[in-house]
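Comments concern the structure below.
The values are calculated or read from the model by the stated rules, or taken from the named source; none is laboratory data. Computed from a prediction, not measured in an experiment: that's the story for all the values here. With ideal geometry, Cβ positions are generated from the backbone for all residues, glycine too; neighbour counts draw on all protein chains shown.
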Amino acid sequence: MLHLGIDIDGTITAQDTLVPYLNEAFNLSITFEDITDYDLTKLLNISEQAFWKWMDENEPRIYKEAMVAQYAKQTIDKLKNHHKLFYITARRHHLKDTTHAWFHKNKIHYDHIELVGGHDKLEAVSKHKVDVFFEDHHGNATMIAKEANIPVILFNTPYNQLPTDSNIIRVNSWLEAAEWLRKHEKDFKAM
């Protein structure tokens, strides 16, 4: 039984979740493909302080209403029978109830949810003895792959196109992620 570390936003939730909220709030007409940098202040042409003020006001609603990524629930429903599922997210601690409510509403299985409140997930990865991590943020994927020395499944997005190392596996869907895991499970058992 592997310990799987799974990011939430842009990984288990639909990657384009923020787009309608950004368009509404900032009077834009962007598409998901326009988001080519994880730092949205550049796209929105606002300060970091203004962005976080907006996030403070809108995060609970956005996270409550987020759609599940395509094939994520079906994949998780299969993985839960063979692996431990640890959701490790950069979400801040005050969003704990909102996060748990979303998992219950969408009937997404979890063994543990940890809100680390920032992008450094290494301590949580180590604490939960994660064998494989699922992520959409290039910087997080790179840090986890190098520092924890584990494979990271990186969900392909317009904002994570920087080069990757050999411990990072790009996928376009949860179906591809599950297939990679199925093909490599025997490698973990041999360790």
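Odds and ends about this structure:
- Here K129 qualifies as in contact with a strand residue (DSSP E or B) (Cβ under 7 Å, 6 or more places away or on another chain) and assigned by TED's automatic domain parsing to the domain that holds G10.
- Residues located in the range 23-76, provided they are over 21 Å from R92 (Cβ atoms), in a loop (DSSP other than H, G, I, E, B) and without any contact (Cβ under 8 Å) to a residue 24 or more places away in the chain: N27, L28, S29, I30, T31, N45
- Test for Y71: is it at pLDDT below 95 and out of contact with any strand residue (DSSP E or B) (no Cβ under 8 Å at 6 or more places or on another chain): no
- Residue in the range 162-184 that is buried (at least 19 other Cβ atoms within 10 Å of the Cβ), part of a loop (DSSP other than H, G, I, E, B), modelled with pLDDT of 95 or more and within 14 Å of the chain's Cα centre (by Cα) present: no
- With respect to the conditions (1) surrounded by fewer than 21 Cβ atoms within 10 Å (Cβ to Cβ); (2) closer than 19 Å to A72 by Cβ; (3) of a type in the set (A, V, I, L, M), L154 falls short on a single one, namely (1).
- Cβ-Cβ under 6 Å pairs, at least 6 apart or on other chains, the range 174-186 side closer than 14 Å to K73 by Cα, far side at pLDDT 95 or above: W174/Y71; W174/A72; W174/T75; L175/Y71; A177/I153; A177/V171; A178/T75
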